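The values are calculated or read from the model by the stated rules, or taken from the named source; none is laboratory data. Just so it is clear, the model here is predicted, and its values are computed rather than measured. Here Cβ is always computed from backbone atoms with ideal geometry, including for glycine, and neighbour counts include all displayed protein chains. Keep in mind that these areas ignore ligands, DNA and RNA; they rest on the heavy atoms of the full protein, side chains included. Shrake-Rupley method; radii C 1.70, N 1.55, O 1.52, S 1.80 Å.
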Amino acid sequence: MDERRQVLNHHLPSRALAHQTPLEAYPHALHSGRSYRPEWEEEFLSLEKVCSYLAQGRWFRGIRSNGCFDLGGYRYYLGKHFAHRSVAIGFDPDAMALICQPEGSEDTFQVPIQGITKAELMGELAVLQALPVYQLALPFSLEAWRPLEYTHHLTSMTLGDLTQP
């Protein structure tokens, strides 16, 4: 994967970028400017920014015979009387709701949006963060050095070392 990323970013020009490689077109993209640690990502995730971004969108879906449509892997119900129509969908960040306008209707309906929590947006990372940490993070800080040294001493000891005065 590293080799593929290297080729795609450094050596493969793109017509969309005026026949430049991505890093020729956007050299500042080489590094984000901050270190990546999965356990830090929740702190950086802003639900306000997610909602602001979603508010700019507009989606269109078909309503099935049971009155439901799917968006983002979640199922929403509008009613069987809207079956076999399409629905235009927007997002209201203040109400945290989808604004749905079925085809042929002047009325709009608010449906609470699903899946807009940090845990749901982060997926399995939230589950991994709840697990106990058994490996110290690299690079080691001064605060992490002492427990590491204790660990080395404890793992090199034998049962006899622990029972000797």
Under 5 Å between amide H atoms, partner at least 5 residues away or on a different chain: which partners does Ser86 have, H built in plane at 1.01 Å? Ile63, Glu103
Loop-located trypsin sites (Lys or Arg not before Pro) in segment 1-105 whose Cβ has at most 11 other Cβ within 10 Å (DSSP): Arg34, Arg58
Calculate the dipole size of segment 7-55 relative to its Cα centre from +1 charges on Lys and Arg beta carbons and -1 charges on Asp and Glu beta carbons; express the result in debye to the nearest 20. 260
With θ set to phi - 60° and the Karplus curve 6.51 cos²θ - 1.76 cosθ + 1.60, what are the ³J(HN,Hα) couplings of segment 10-16 in order, to the nearest whole Hz, using x for Gly and Pro? 10, 10, 9, x, 10, 4, 5
Roughly to the nearest percent, how much of the accessible area of segment 1-99 is carbon and sulfur, given a 1.4 Å probe? 53
